[in-house]
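Here it is, the structure in full.
No value in this document is a laboratory result; all are computed from the given coordinates. Please read these numbers as outputs of a predicted model, since none were measured by experiment. Glycine gets a Cβ as well: all are built from the backbone with ideal geometry, and neighbour counts include every protein chain shown.
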Amino acid sequence: MWNQGIPEFVLAHYEIHQWRHATAILRVDFPDEWQDIVDILNEFRLYRSEVEVGGGNKSPVAKRIDSAFYKRGWIEKSFDTRIFVDDEERKTPTHKIDCYRNHIGLEVEWNNKDPFFDRDLNNFRLLFELHAISVGVIITRADGLRGLLKNLNKSAIASTTHMSKLLPRLEGGSGGGCPILVFGITKELYVEDI
């Protein structure tokens, strides 16, 4: 079963999808990184006080998730990639990854425009083909959050990143051969803290 080893809390509080056996690869080949992911997802709660604050460059929700990974030794990572054809060098720029450790790339897409999914998936595809990552992980919003966010007068517009904008891209092959695991934050994680 693909969901073997995923804690019950995570199964009950996130919408989860995987491609190309991402969960098995993480559990078996990258157990420390897998443990970090499930521990952080177990501990995460979606606080109203953070949802209601404007994010500017990055929202408090995304910053808190990133920080949890950074505290465990993950880093924001850029790659210097080049291809040589005969004697001609061609730079093949990639986008930096929010959180990276030991060939695992993780992106947090909380409140961006949905073309950011294209960027992330293309980046995962290229870095996988170059043997720079083995698995890509995306944490985003489940569709069920849109009603809650709309009630809080926060951006729940159709163009922001949420699961139903990501799934067609994955099913259409945008990630190429890269194993990908996605987690959608659901309203079951919401905490009314103000």
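Rounded to the nearest 5, what % of DSSP beta bridges with both residues in segment 1-137 are antiparallel?
75
About the Cα centre of segment 54-194, what is the dipole size in debye to 20, counting +1 per Lys and Arg Cβ and -1 per Asp and Glu Cβ, all else neutral?
That gives a dipole near 520 debye.
For the residues Y47, Y100, Y70, what sequence is obtained by ranking on other C-beta atoms within 10 Å, fewest first?
Arranged by neighbour count, lowest to highest, Y47, Y100, Y70 become Y70, Y47, Y100.
So the label point goes 7 Å from the Cα of Q35 along Cα→C-beta, right? Which residues of segment 58-91 then have their backbone N under 11 Å from it?
Counting only backbone N, you get no residues.
How many angstrom separate the Cα center of segment 161-184 from the Cα center of segment 91-117?
Centre-to-centre distance over Cα atoms comes out at 13 Å.
Mean residue ellipticity at 222 nm from the helices of the chain, using -39,500 (n - 2.57) per DSSP H segment of n ≥ 4 over the full residue count, to the nearest 500 deg cm²/dmol?
Rounded to the nearest 500, it is -10500 deg cm²/dmol.
Separate question: Want the number for E52 to E88: 0.36 nm per residue separation, take away the alpha-carbon distance, what's left?
7.9 nm
Still on this model: Between S67 and I194, how high is the FRET efficiency from 1/(1 + (r/R0)^6) when r is the Cβ-Cβ distance and R₀ = 25 Å? Nearest 0.05.
0.75
Of the options L189, T81, G172, report the single residue whose Cα projects farthest towards the positive end of the charge dipole of the chain (beta-carbon charges: Lys, Arg +1; Asp, Glu -1).
L189
OK, next. Under a crude label model (7 Å from the Cα following the beta-carbon direction), how far is D118 from E8 in nanometres?
So the two model labels end up 4.3 nm from each other.
Using a simple spin-label model with points 7 Å from Cα along the Cα→Cβ vector, what separation in nm is obtained for H95 and N151?
Using points 7 Å along Cα→Cβ, the separation is 3.2 nm.
Would you please put 34-43, 175-184 in order of how densely packed they are, using the mean number of other Cβ atoms within 10 angstrom per residue and starting with the highest?
For the peptides 34-43, 175-184, the packing ranking is 175-184, 34-43.
Right, something else. Quick check: Cα centre of segment 29-74 to Cα centre of segment 130-151, how many Å?
Cα centroid to Cα centroid, the span is 12 Å.
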